[in-house]
Amino acid sequence: MDEYLKISATIITALGGSGAIILCLANYLGKLWANRLMATEKAKHDRELEELRTQLYKVNQEELAKFHSEIEVYKQTQLREHSDKLAIYRATIDMVATMSAKVEMIVIKNKQQLSPEEAEQFETERLKIYGYLAMIAPQEVMDANDAFIDQLLALIFDGQFVKWEVIRLKL
């Protein structure tokens, strides 16, 4: 290694001032080329990075739009289901109110049987109520409806006497 340094020192000394100039010039040109290469690479990297950002933004916006669309569909479905439930419960309440009023007025207060037409209407409404509730109601509502209808059936067709308070508790 010492020999190489001696040879290098000898060449630089032989060249004298021109060696120093060449060395400085080589150093300057090396830095200049390195800076240009670095600027070129940086510009290339910046372009690629911007392209990636643009792609990511586009994909993100597409996914966001898809997500918003799915949420809107879900929201509309839930609103429609809720609206259907309310309509079914309202129809059921209307039929239960009619049935209960007839049972109270005819069977409990007047101690009479329902006419064949009223009995047929009672059975029809009872089955409609069951069908409506079966579409949407949880099991506990179905069980409560069954208990209520069983009490009414025993009262109307079996002649069992029950106070209105007991029936009202089953509502």
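The values are calculated or read from the model by the stated rules, or taken from the named source; none is laboratory data. Note that the structure is a prediction, hence the values are computed from the model and not measured. Ideal geometry is used to build each Cβ from the backbone, glycine not excepted, and the neighbour counts take in all protein chains shown. Please note that ligands, DNA and RNA were not included when accessible areas were found on the heavy atoms of the full protein model with its side chains. Shrake-Rupley method; radii C 1.70, N 1.55, O 1.52, S 1.80 Å.
In the complete set of protein chains, residue-level accessible area for residue 53 is approximately 140 Å², probe 1.4 angstrom.
Note down the net charge around residue 44, summing +1 for each Lys or Arg and -1 for each Asp or Glu among other residues with Cβ under 14 Å from its Cβ. Working shown, then result.
Working: positive: 36, 42, 47; negative: 41, 46, 48, 50, 51.
That works out to -2.
Please report the net charge: other residues with Cβ closer than 12 Å to the Cβ of residue 69, K and R +1, D and E -1. Present the calculation step by step, with values, prior to reporting the outcome.
Values: positive: 66, 75; negative: 62, 63, 70, 72.
Surrounding charge for residue 69 is -2.
If DNA, RNA and ligands are ignored and the probe is 1.4 Å, what is the ranking of 7, 149 by accessible area, most exposed first? Let's see the in-between values first.
Numbers: 7 95, 149 10 Å².
Solvent-accessible surface, decreasing: 7, 149.
The heavy atoms of residue 98 offer some 60 square angstrom of accessible surface to a 1.4 angstrom probe. Sequence-ordered 3J(HN,Hα) estimates for region 59-70 from the Karplus curve with 6.51, -1.76 and 1.60 and θ = phi - 60° stand at 4, 4, 5, 5, 5, 5, 5, 4, 4, 4, 4, 5 Hz, glycine and proline given as x. A simple count of charges around residue 125, restricted to other residues whose Cβ falls under 11 Å of its Cβ and scoring Lys, Arg +1 and Asp, Glu -1, yields -1.
Can you tell me the length gained on complete extension of the stretch residue 91 to residue 144, counting 0.36 nm per residue apart and subtracting the Cα distance? Please report the intermediate quantities before stating the final value.
Values: separation 53, 0.36 × 53 = 19.08 nm, distance 1.69 nm.
Contour length minus Cα-Cα distance gives 17.4 nm.
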